[in-house]
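Everything on this sheet refers to the single structure shown next.
Bear in mind that the values in this text are calculations on the coordinates, not laboratory data. As the structure is a prediction and not an experimental result, all values here were calculated from the model. In this analysis, Cβ positions are derived from the backbone assuming ideal geometry, glycine residues included, and neighbour counts consider all displayed protein chains.
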Amino acid sequence: MRTLSLAILAATLTGSLPALAQPVIVEKYASMEAVPKVLLADIRHGQTYRDQYIARLLEVMRTAGQDKKVLTQQDVDNYVRRNETAERRQRYLQVIFYDLDYDGTITQQEVGTVMMEDRRRQKQSEEGCADDAARFIARYDIDKDGAISLKEMSTPDPSAENRGSRDKQSRRMKALLALDPDRDGRLTMPELEALGRKAFATADTDGDGSLSRPEMQVVRDVLEDY
Ligand SMILES: [Ca+2]
Ligand SMILES: [Ca+2]
Ligand SMILES: [Ca+2]
């Protein structure tokens, strides 16, 4: 009895009670290759601290999630539709911006004139204006008649560059949704956070909550052609 209380006293004095300490189980993927790449993408983009990474990962809920707490297929569809609408409106307004004779179509001449006035006002070089105007017309002139109508301007953007970034975000949302652990079609905040923690822990081999250069390099290697 006396020995036991001495042991407890000693443990208390050194500030630790080994018998009561619970080992913290950190869930990890079997290997870095097993981590869904969509979860690692934010790490590559510079999130080397666990807390920052998790916060960044959860942002997808704020941009698209219903009630900003759950992500569903409906949210992904709405996101795509919302972006398309915003983009089309933006382009529609450009017709009004360039349409000097108010006939509802814009010609290379009109675009070139407005661009030139714009650059003069901003004291920029007018060089290349004609080429820029030609490129602008070529990009949206679906029927190749040399002018852009309101209808042409409000059809979904054919340029790969715009569609690329929109598709990238919706692909990311779809990929995250596909990871839904309980497959109920709703990816919740706690579910996404747990997935993120597991992914980060797999990369963070020494478990100190941040990624060292060598740890980062492994992430980059795994994501090489992602
Ligand atoms: Ca016109
Ligand atoms: Ca046209
Ligand atoms: Ca779920």
Within the stretch 111-160, list the GluC sites (Glu not before Pro) lying in a DSSP loop whose Cβ has at most 10 other Cβ atoms in a 10 Å radius.
Glu127
Which of Lys144/Lys168; Lys37/Lys174; Lys68/Lys168 have a Cα-Cα distance over 22 Å?
Lys144/Lys168
